Structure formats: structure tokens, C-alpha cells
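Nothing in this text is a laboratory measurement; each read-out follows from the coordinates by a stated rule. This structure is a prediction, so every number in the text was calculated from the model and none was measured. As a convention, Cβ positions derive from the backbone with ideal geometry for all residues, glycine included, and neighbour counts pool all protein chains shown.
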Amino acid sequence: MGWDADAVYGGRPFDYVDPEQDPSAARAFYAASDEAVALAGGVDSFLVHGGLDVSSCVEVLARLSGETNRQAVWDVERTRELNNSIQWPDLTTLPETEHWHVASARAFLRVCAEQGYGIQFDP
């Protein structure tokens, strides 16, 4: 339990992306999960399911995007805009225990932007 973020089709609330039913989403999220592990040594395990389930990963995404609404829904345009504008920290400047939080948030946002998904935050 905690603060979650989920990929949603077209930025429509509660129209969740389901990688088990969408092979394109499954490939994208599995690849992103593997990349995060390779980069940071760990990943939010929910990334393969199309979301972030670890509150600290969601908090990284919210903080870097300036999001303060814990129930926000981002449309595809907003997701793509943030993917292009967020200045991600250099992992080498962070404690090693935070690397996978940042890598997971970044990978999640990138996949959502590239695949044309919105993001829904759930407290």
C-alpha cells in the first residue's frame, strides 16, 4: 500500500494498461524493467505490470515533475512533455540505495511517453 502510479490508455482515468492483455505494452515494460536493473541494480517490481508500486519511486516522479496532486491523471501530451523536460539526477551523485527508485521512475515515464499512455496517480 502507499502511493502508486499506473499507465492508463490515452490518459483516461481507470482505463489501465494491462500488459497481460497487450503484448506491445508487455514488451515495453519488461524491457524497461531489465534496463533499470542493469543501470541501477534493482527495479520497482510492478514496472513489468505497467506501473510503480513503491511509494519512493512515485515520489521521485512527482517531485521531479512538480506534481503535488496525489490523485493526478496525466494525459498523453503531459506525459510526453515531462519525459522530454525532466532533468533526472546523475545516479552517481545519489546514495546507492536510491538508484533504483530513480531508474524505475524514469523508465516508467519513458515507456508511457513512447507508447502513448497517460499516467494515473493513486494514493
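Brief remarks follow.
- For the pair segment 1-67 / segment 72-118, the C-alpha centres are spaced 9 Å from each other.
- Couplings 3J(HN,Hα) of segment 45-52, computed from phi: 5, 7, 4, 5, 9, x, x, 10 Hz, in residue order, whole Hz [Karplus 6.51 cos²θ - 1.76 cosθ + 1.60, θ = phi - 60°; x for Gly and Pro].
- Radius 13 Å from Cβ of Pro13, net charge of other residues (Lys, Arg +1; Asp, Glu -1): -3
- Computed from the Kirkwood radius of its Cα pairs, the Stokes-Einstein diffusion coefficient for the chain at 37 °C and 0.692 mPa s stands at 236 µm²/s.
- Here's the picture: a label point sits 7 Å out from the Cα of Glu20 along the beta-carbon direction, and within segment 31-47 the residues with their amide nitrogen under 18 Å of it are 45-47.
- In this structure, the amide hydrogen of Asp4, modeled 1.01 Å from its nitrogen in the peptide plane, lies closer than 5 angstrom to those of Asp122, counting only residues at least 5 positions away or on a different chain.
- Peptides 48-55, 60-67, ordered by how many other C-beta atoms sit within 10 Å of their residues on average, highest first, read 48-55, 60-67.
- Under a model in which nothing but the beta-carbon of Lys, Arg (+1) and Asp, Glu (-1) is charged, the chain shows a dipole of about 240 debye around its Cα centre.
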